[in-house]
1. Any idea which of (1) touching a Ser or Thr at 6+ places or on another chain (Cβ under 8 Å); (2) more than 16 Å from ligand 2 (Cβ to nearest atom); (3) over 16 Å from residue 385 (Cβ atoms) is the one residue 297 doesn't satisfy?
2. Given the structure, is residue 318 at pLDDT 95 or above, within 16 Å of ligand 2 (Cβ to nearest atom) and open to solvent by 10 Å² or more (accessible area, probe 1.4 Å)?
3. Please go through (1) touching a strand residue (DSSP E or B) at 6+ places or on another chain (Cβ under 9 Å); (2) free of Cβ contacts under 8 Å to residues at least 24 places away in the same chain for residue 323 and return the number of the only condition it doesn't satisfy.
4. Regarding residue 380, is this residue modelled with pLDDT under 95, in contact with a Phe, Trp or Tyr (Cβ under 8 Å, 6 or more places away or on another chain), closer than 25 Å to residue 302 by Cβ and not β-branched (Val, Ile, Thr)?
5. For the stretch 392-444, which residues satisfy the criterion of being among the small types (Gly, Ala, Ser) and surrounded by 11 or more Cβ atoms within 10 Å (Cβ to Cβ)?
6. Please find, within the stretch 287-297, the residue that is nearest to residue 383 (Cα to Cα) out of those that are part of a loop (DSSP other than H, G, I, E, B) and open to solvent by less than 20 Å² (accessible area, probe 1.4 Å).
7. Being more than 16 Å from ligand 2 (Cβ to nearest atom) and buried (at least 24 other Cβ atoms within 10 Å of the Cβ) is true for just one of 262, 283, 275. Which residue is that?
Amino acid sequence: MTNADDVIARIHDENIDFVRLQFTDILGIVKNVSIPANQLEKAFEEGIWFDGSSIEGFVRIQESDMRLVPDLDTFAALPWRRDEDGAGVGRFICDVTGTDGEPFEGDPRYVLRRAMDRADEMGYRFNAGPEPEFFIFQRGEDGHATTTTHDAGGYFDMAPKDLAMDIRREIIHTLVDMDFEVEASHHEVARGQHEIDFKYADGLRTADNIATFRNVVRAVAEHNGVHATFMPKPIEAINGSGMHTHLSLFEDGDNAFYDGRAEFDLSETAHAFLAGLLEHAPAISAVTNPTVNSYKRLVPGYEAPIYIAWSDVNRSALVRIPASRTPAGARMELRAPDPSCNPYLALAVMLQAGLDGIERGLEAPAPVRENIYEFDEQKRREYGIETLPANLNEAIDALEEDEVILEALGDHIADKYIQAKRQEWNEYKAYVSDWELDSYLEKY
Ligand code: GLU
Ligand code: MG
């Protein structure tokens, strides 16, 4: 735990003159209030009041006074905000409370804290490690983002270097400056698509890291005159961007998912957690795959999951057990999440689903070791394999029917979230797309 005097000393040493106090709305969009560094002591003592009424999913006008409480462990200087004279900008990620000082139930970070507390009461520490993918696109002459990738641009480009590779390196340097431990990065399958993996951490830290990561990637791209996007499927007929998430539970410092004597080296706890994930998968999708566009990624042929099954050998299943099954490395990888999700809510629902499996002693079905994409419907029925929701509307239906996941979100967020997502679906439903014009305009 960091103490206030140490952080203030560091802010002084690093010549930080402004500090952003950050939090996220229910959609996972980072918001911030900026204060001069000399106001920090006051902010630590009293918090910073702000009007929450215009934040998506926050409160009604009459109860709009909200307080930001900086989490001292989250201080970081923003490397891309350093002035020429050396003055810098820092940030804290904050918890949100109401006028009574109690945690605000509309704060996504609180939803995750609640889930972590439940794990803690059951004796577990929850760890998660994400694999976020994203595209880098050029901007058009009008400054707006296009879907023209660097790679394609590079083909006609006079520049002798691969700009995207340099940007990726700059992103990684920036992350390292912000104390990330970057483990790997690579160009992904699709043109213009990249993946950067950073080290797993406990759930709360990982959610903070995902929010920070998205900011860093976008800020560095911006600096370089291009646009980075975490939209799951920006271009049809090529791979979309996922955010596979590795999950594990530790109990008294040992990996609770590991049992060297069991089949697949997976403990009973791991099996029950897995069963919980599978049972709640349709409702979880509403959170881990939160946009209309998310479901255009979850189609056959692009390495994204569709079928609710697990496997120790292949990547077509929703949950994969990675090959490294050591006492420290045993974990499961949920392959559905995409990087447009609110990371706090997404990790909270994954964790709560797994804990529900443990609490109820659920049993996971047998793993599927064949390629499920090649099964016909009858074979899928034989194996009892269900599919993920086909679109956002189906996902929200599933969420509304799943008491465990609704409870994981809490009434406040569940209501606001469902309302916002239904509205998004209704707007989309009424929209006439180019596909329809191409298919019908001249035909009928
Ligand atoms: N881009 C793929 C997806 O949408 C994943 C590719 C991979 O890393 O296996 O999930
Ligand atoms: Mg990948």
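1. The one condition residue 297 does not meet is (2).
2. When the stated conditions are applied, residue 318 does not pass them.
3. Failing condition for residue 323: (1).
4. yes
5. 395, 398, 408, 410, 414, 420, 439, listed by residue number.
6. Here the answer is 289.
7. Testing whether each residue is more than 16 Å from ligand 2 (Cβ to nearest atom) and buried (at least 24 other Cβ atoms within 10 Å of the Cβ) leaves just 283.
Quick grid of which residues meet (1) at pLDDT below 90; (2) of a type in the set (S, T, N, Q); (3) farther than 30 Å from residue 411 by Cα; (4) open to solvent by less than 50 Å² (accessible area, probe 1.4 Å):
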| residue | (1), (2), (3), (4) |
| --- | --- |
| 68 | no, no, no, yes |
| 75 | no, no, yes, yes |
| 107 | no, no, no, yes |
| 134 | no, no, yes, yes |
| 138 | no, yes, yes, no |
| 150 | yes, no, yes, yes |
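The values are calculated or read from the model by the stated rules, or taken from the named source; none is laboratory data. This is a predicted model, so every value here is computed, not measured. Heads up, the Cβs are rebuilt from the backbone with ideal geometry, glycines too, and the neighbour counts pull from every protein chain shown. The protein model used for the area step is the full one, side chains on, heavy atoms only, and it has no ligands, DNA or RNA in it. Shrake-Rupley method; radii C 1.70, N 1.55, O 1.52, S 1.80 Å.
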